[in-house]
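Some notes on the structure that comes next.
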């Protein structure tokens, strides 16, 4: 891994959350969709995803969805092998999506982590 990449946060009210992250924390809005928004600050970024009140249970509750770490495309296959060798639970198999390669897996406390080869610029080229 080469560092922090992004965090995705599930929120109840996208407009209210955007106001907080932009007006109070000073993040820059890069893209706003119907149910999601991407904001940047420094070399990192966050994605906010609005959760429907009808789906606020279990997997879709508000809070951290996942935390992603940057990894090079060259190191990605070896990282997958290492996760599998150590029997790390993989919750989303390796896939190309959002401008890079991604794999999601669980830490010992079942926090969802991601290795991602892309960046915000690549993601926006795909999302727009």
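Tell me whether the stretch 77-95 contains one or more residues that are under 20 Å from residue 121 (Cβ atoms), under 17 Å from the mean Cα position of the chain (by Cα) and either part of a strand (DSSP E or B) or at pLDDT below 95 (or both). The answer is yes; a qualifying residue exists.
Matching residues to (1) outside any helix (DSSP H, G or I); (2) touching a helix residue (DSSP H, G or I) at 6+ places or on another chain (Cβ under 8 Å):
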{"site": "18", "(1), (2)": "no, no"}
{"site": "26", "(1), (2)": "yes, no"}
{"site": "40", "(1), (2)": "yes, yes"}
{"site": "48", "(1), (2)": "yes, yes"}
{"site": "72", "(1), (2)": "yes, no"}
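The set of residues in the stretch 96-128 being surrounded by 14 or more Cβ atoms within 10 Å (Cβ to Cβ), under 17 Å from residue 43 (Cβ atoms) and either at pLDDT below 90 or out of contact with any strand residue (DSSP E or B) (no Cβ under 6 Å at 6 or more places or on another chain) (or both) consists of 99, 119, 120, 122, 123, 124. Any residue in the stretch 55-67 that is part of a helix (DSSP H, G or I) and surrounded by fewer than 11 Cβ atoms within 10 Å (Cβ to Cβ)? There is at least one residue in the stretch 55-67 that is part of a helix (DSSP H, G or I) and surrounded by fewer than 11 Cβ atoms within 10 Å (Cβ to Cβ).
Listed by first and then second residue, the pairs with beta-carbon distance under 6 Å, at least 6 apart or on different chains, first residue in the stretch 66-95 and at negative phi and free of Cβ contacts under 8 Å to residues at least 40 places away in the same chain, second assigned to a helix (DSSP H, G or I) and surrounded by 11 or more Cβ atoms within 10 Å (Cβ to Cβ), are 94/80.
Return the residue satisfying two criteria in turn: it lies in the stretch 37-54 and is more than 13 Å from residue 120 (Cβ to Cβ) and under 16 Å from the mean Cα position of the chain (by Cα), and of such residues it is surrounded by the fewest Cβ atoms within 10 Å (Cβ to Cβ). Ranking the qualifying residues of the stretch 37-54, first place goes to 49. With respect to (1) under 30 Å from residue 74 (Cβ atoms); (2) modelled with pLDDT of 90 or more, the lone exception for residue 15 is condition (1).
The values are calculated or read from the model by the stated rules, or taken from the named source; none is laboratory data. Keep in mind that this is a model prediction, so the values were computed, not measured. Glycine gets a Cβ as well: all are built from the backbone with ideal geometry, and neighbour counts include every protein chain shown.
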